[in-house]
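Following: one structure in structure tokens, then a few remarks.
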Amino acid sequence: MDFRPNTPKGFMSAVFCSMALPCMLCPGWVIKLGFTEKMQPRDEHEAARTELMMRCFGSQAMLSGIAMSVGEWKPVAYKVWIGGILPFFVFDFVAWKKGYINSLGAVFDAIGNVIFVTCSLLALVNDGKQE
């Protein structure tokens, strides 16, 4: 597994896994800190469903980080990754503008997305030679 922070892919893997961990282990905390009041669960059943969805989200992110760490990435993989991340900037802005996520949630997600795009661009500039 490549979680070495001195390679773009290793750094992305480490960031992905570290962002996923709170979603998996402390979903209520992530929901409370990242979502606006109107998006908070209203009762225990809604809280259970919302926490389950947050745990699933975190599990998928963890899987992505681990899969990223074990696979060999060619330059085309970084290009696809950039294309796949770009819509998340729009999603975050729209969700923040509509009052679904608060500024803290939007900023934390945007920071992760900027890291992923920046690392991908660095890898492309270096033509994946750091792998």
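The values are calculated or read from the model by the stated rules, or taken from the named source; none is laboratory data. In this text the structure is predicted, and so the values were computed from the model without any measurement. When we count neighbours, we look across all protein chains shown, and the Cβ atoms used for this are built from the backbone with ideal geometry, even at glycine.
Could you list all residues from segment 97-108 that are among the hydroxyl-bearing types (Ser, Thr, Tyr) and surrounded by 12 or more Cβ atoms within 10 Å (Cβ to Cβ)?
100
Can you list the helices (runs of 4 or more DSSP H) lying wholly within segment 16-110 that have 1 or more residues being over 14 Å from the mean Cα position of the chain (by Cα), among the hydrophobic types (A, V, I, L, M, F, W, C) and modelled with pLDDT under 95?
Because the criterion is at least 1 residues that are over 14 Å from the mean Cα position of the chain (by Cα), among the hydrophobic types (A, V, I, L, M, F, W, C) and modelled with pLDDT under 95, the helices (runs of 4 or more DSSP H) in segment 16-110 that meet it are 44-70, 75-97.
Condition first: over 22 Å from residue 96 (Cβ atoms) and of a type in the set (D, E, K, R). Now tell me which residues in segment 12-45 satisfy that.
43, 44
With the requirement that a residue be surrounded by 17 or more Cβ atoms within 10 Å (Cβ to Cβ) and either more than 24 Å from residue 74 (Cα to Cα) or without any contact (Cβ under 8 Å) to a residue 24 or more places away in the chain (or both), what does segment 109-131 give you?
109
Of all residues being acidic (Asp, Glu) and surrounded by 13 or more Cβ atoms within 10 Å (Cβ to Cβ) in segment 1-57, which is farthest from residue 104 (Cα to Cα)? Just the residue, please.
It comes out as 2.
Matching residues to (1) under 15 Å from residue 12 (Cα atoms); (2) surrounded by 12 or more Cβ atoms within 10 Å (Cβ to Cβ); (3) touching a residue at least 24 places away in the same chain (Cβ under 8 Å); (4) not charged (D, E, K, R):
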| residue | (1), (2), (3), (4) |
| --- | --- |
| 72 | yes, no, yes, no |
| 81 | yes, yes, yes, yes |
| 89 | no, yes, yes, yes |
| 95 | no, yes, no, yes |
